[in-house]
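Taking it in order: structure first as structure tokens, then the write-up.
What follows is calculated from the coordinates using simple rules that are stated; it is not laboratory data. It should be emphasised that the depicted structure is a prediction, and the values quoted were computed from it without experimental measurement. Virtual Cβ from ideal backbone geometry, glycine too; neighbours counted across all protein chains shown.
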Amino acid sequence: MSSYDLAVTGGRVWTDSGFVDGLDVLVSGETIAEVVPTGSASLGSAEVIDASGRVVIPGVIDTHSHHRDPGFTHKEDITSASRAAAAGGVTVTVGMPNVDPPTTTAALFEKLLEDFRGRSVVDYNHNPSPTNLGEIPGLAALGCLGFKLFMVVDGKRSYPHMPGLGIHDHSDIAKILEQTRDTGRPLMVHPNDQALLELIEHRHWDADLMGPEPYSKAEWMFDGVVWNSAVATLIEIQRGIGGKLHVLHMMSDRTVELIRRAKADGQDVTAEVNAFALFLANWDEVAHLGPYALGRCLKDEWRAALWAGIADGTIDVLGTDHAPHTFEEKKSGWENMWATPTGTPQLQHYVIKLLDASHRGLITLEDVVRITSVEPARRFGLAPRKGVIAPGSDADLVVVDYDREHTLGDEPVYSKAGYNPYTDETVKGFLDATVLRGRVVARDGFVTAEPGYGQQAKPVSAM
Ligand code: DOR
Ligand code: ZN
């Protein structure tokens, strides 16, 4: 008789063939041993999580979190970010290179990984910057999942889009893609046409249009050309050079259409949508929260195109763009958003927001799983170790009380940002438990594991 350490019993479980009712997920050590019809295996002395009436999905993977560590640890650090992640159903969180010093060399990346050891609740990794061509192979050898390139440099502030990391010369981008192609790792790009952005910025600044409304709608000028032209360029560069291109920050209808066409042409291109674009980018939301929503405001037809792009598989991945800045740092945005950092904390609440969206008919539960776990794991080389519920995979699970209604705001806020943009919202979908490699790391929205349990989640091919 086999012996198990943990049994998640009787749930509606995500499997290779979709959701199946009445399964037991049986865990030995850190991995899934078996997935069987409920009651068909003896549980022995296993710890039991009764998941009857619950939905069991694979641990969520966020390939786009800003951990702020090192350099901006008053905003966040790997411990606080990973606590927010665990509470929010996220079992892998992957950081971004706009830290200080930015991760532009293998030595700096190695140091960051050393610093993170022993400090994270959940599994983690970091997407270094590919701005130094010669460093790219060494960065890949350290087990990064992807590389992150910003095409944007901020005008009236030096953070979050700091000078040195932003590259918009097309020949430089082409050379970077050649190098990342040869590592097999995806190149994630924040698309932006810097010259057109600067034209738009100057028109705003010259007319003293500085508050949340003109800032949030700035890219409406020329109908999203800042993003559209950048995505068109990136797709053409990928077409010529090959390599894996992962386009971040889908915002407009035309960017969705461009990605759709590139995929139909067989290009190795994937796309990410952000939580703020789906949930904090209505004018009503921006009017209410001002700098605490921003992000950007999207035209209704742009947001509709994002949901449609998720539904037809054009959009592959939901990245949080968890971008914590303190409450105090955001305040100046009511007067001058151009000089105030953009971004919102997301890790703790975005899965709940997606579950709620599925109740409202905006997305299917299957697509929630696909964009938060299955595709991030596949695209970034973590599958089949993660992103699936099957024997041999890591026992990374989220137990969801899908129909439970609750109001956000009473739970602790784990991000150092110290606020939750969704406070006071009543939502449907509650997270009973987050399980990482066989261990419960959060229950009922409270973190139960200590920092140090999390490990670097390396691509399977590099293990
Ligand atoms: O709003 C944003 N904030 N967009 C980004 O690309 C970066 C992020 C941050 O780091 O704050
Ligand atoms: Zn980001």
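Annotations for the structure displayed:
- Alpha-carbon centroids, segment 139-198 and segment 432-463: separation in whole Å: 29 Å
- 37 Å tail of the calculated P(r), the chain, as % of Cα pairs: 20 percent
- The residues Cys297, Cys144, when put in order of fewest to most other Cβ atoms within 10 Å, stand as Cys297, Cys144.
- Between the alpha-carbon centres of segment 37-108 and segment 307-378 there is a gap of 15 Å.
- The C-alpha atoms of segment 372-416 occupy a region whose extents along the principal axes are 36, 28, 16 Å, arranged from largest to smallest.
- Using the Cβ-Cβ distance between Glu335 and Ser42 with R0 = 60 Å, the FRET efficiency computed as 1/(1 + (r/R0)^6) comes to roughly 0.35.
- A DSSP coil position with no more than 14 other Cβ atoms inside 10 Å describes the following chymotrypsin sites (Phe, Trp or Tyr not before Pro) in segment 213-306: Phe222.
- Highest average first, the peptides 368-378, 127-137 ordered by how many other beta carbon atoms sit within 10 Å of their residues are 368-378, 127-137.
- Extension gain (nm, one decimal) between Arg117 and Asp268, 0.36 nm per residue minus Cα-Cα: 51.0 nm
- Going from the fewest other Cβ atoms within 10 Å to the most, the residues Met162, Met188, Met251 appear in the order Met162, Met251, Met188.
- Span per principal axis, largest first, for the Cα atoms of segment 361-463 (Å): 43, 36, 24
- Top positive-direction residue, dipole computed over segment 129-260 with Cβ charges, set Gly211, Met251, Asn132: Asn132
- When +1 charges are put on Lys and Arg Cβ atoms and -1 charges on Asp and Glu Cβ atoms, the dipole computed for segment 185-267 relative to its Cα centre reaches about 640 debye.
- Charge dipole (Cα centre; +1 on Lys/Arg Cβ, -1 on Asp/Glu Cβ; no other charges) of segment 1-154 amounts to roughly 260 debye.
- Per-residue Cβ neighbour counts within 10 Å put Ser65, Ser332, Ser40 in the sequence Ser40, Ser332, Ser65, beginning with the fewest.
- Contact order relative to length of the chain, as percent, for alpha carbon pairs under 8 angstrom and 6 or more apart: 21 percent
- Cα-based shape type of segment 276-357, given that a ≥ b ≥ c are square roots of the gyration tensor eigenvalues and the cut on a/c is 1.5: prolate
- Couplings for segment 101-109, taken from phi via the Karplus curve 6.51 cos²θ - 1.76 cosθ + 1.60 with θ = phi - 60°, read x, x, 7, 9, 9, 4, 5, 5, 5 Hz in order; Gly and Pro are left as x.
- Binned Cα-Cα distance frequencies in segment 1-127 - 10 Å width, integer %: 13, 33, 23, 20, 11, 1
- Environment charge of Lys428, counting only residues whose C-beta is closer than 10 Å and scoring Lys/Arg +1, Asp/Glu -1: -2
- For segment 1-49, Kirkwood radius (reciprocal of mean inverse C-alpha pair distance, Å): 10.7 Å
- Vicinal HN-Hα couplings computed from phi for segment 278-294 (Karplus, 6.51 cos²θ - 1.76 cosθ + 1.60; Hz; Gly/Pro x): 7, 10, 10, 10, 6, 4, 4, 5, 5, 4, 6, 9, x, x, 7, 9, 7
- Separation of the Asp223 and His406 label points, Cα + 7 Å toward Cβ, nm: 4.5 nm
- Using only side-chain charges placed at the Cβ, +1 for Lys and Arg and -1 for Asp and Glu, the dipole size of segment 364-463 relative to its Cα centre rounds to 740 debye.
- Evaluating 6.51 cos²θ - 1.76 cosθ + 1.60 at θ = phi - 60° for every residue in segment 62-71, the Karplus couplings come out as 10, 7, 9, 10, 9, 7, 6, 10, x, x Hz, glycine and proline recorded as x.
- Those trypsin sites (Lys or Arg not before Pro) in segment 150-193 that DSSP places in a loop and that have at most 14 other beta carbons within 10 Å: Lys156
- Förster-model FRET efficiency, 30 Å R0, Ala390 and Glu257, C-beta, rounded to 0.05: 0.30
- Calculated mean residue ellipticity at 222 nm for the chain: -8500 deg cm²/dmol, from DSSP H runs with n ≥ 4 weighted as -39500 (n - 2.57), summed, divided by the residue count and rounded to 500.
- Computed from label points 7 Å out along Cα-Cβ, the spacing between Glu178 and Asp444 is 5.9 nm.
- Tensor-based shape of segment 191-319 (alpha-carbon gyration tensor, a/c under 1.5 rounded, otherwise prolate or oblate): oblate
- Cα shape, segment 107-159, gyration tensor, a/c 1.5 rule: oblate
- For segment 322-405, applying the loop criterion from DSSP together with a ceiling of 15 other beta carbons within 10 Å to the GluC sites (Glu not before Pro) yields Glu335.
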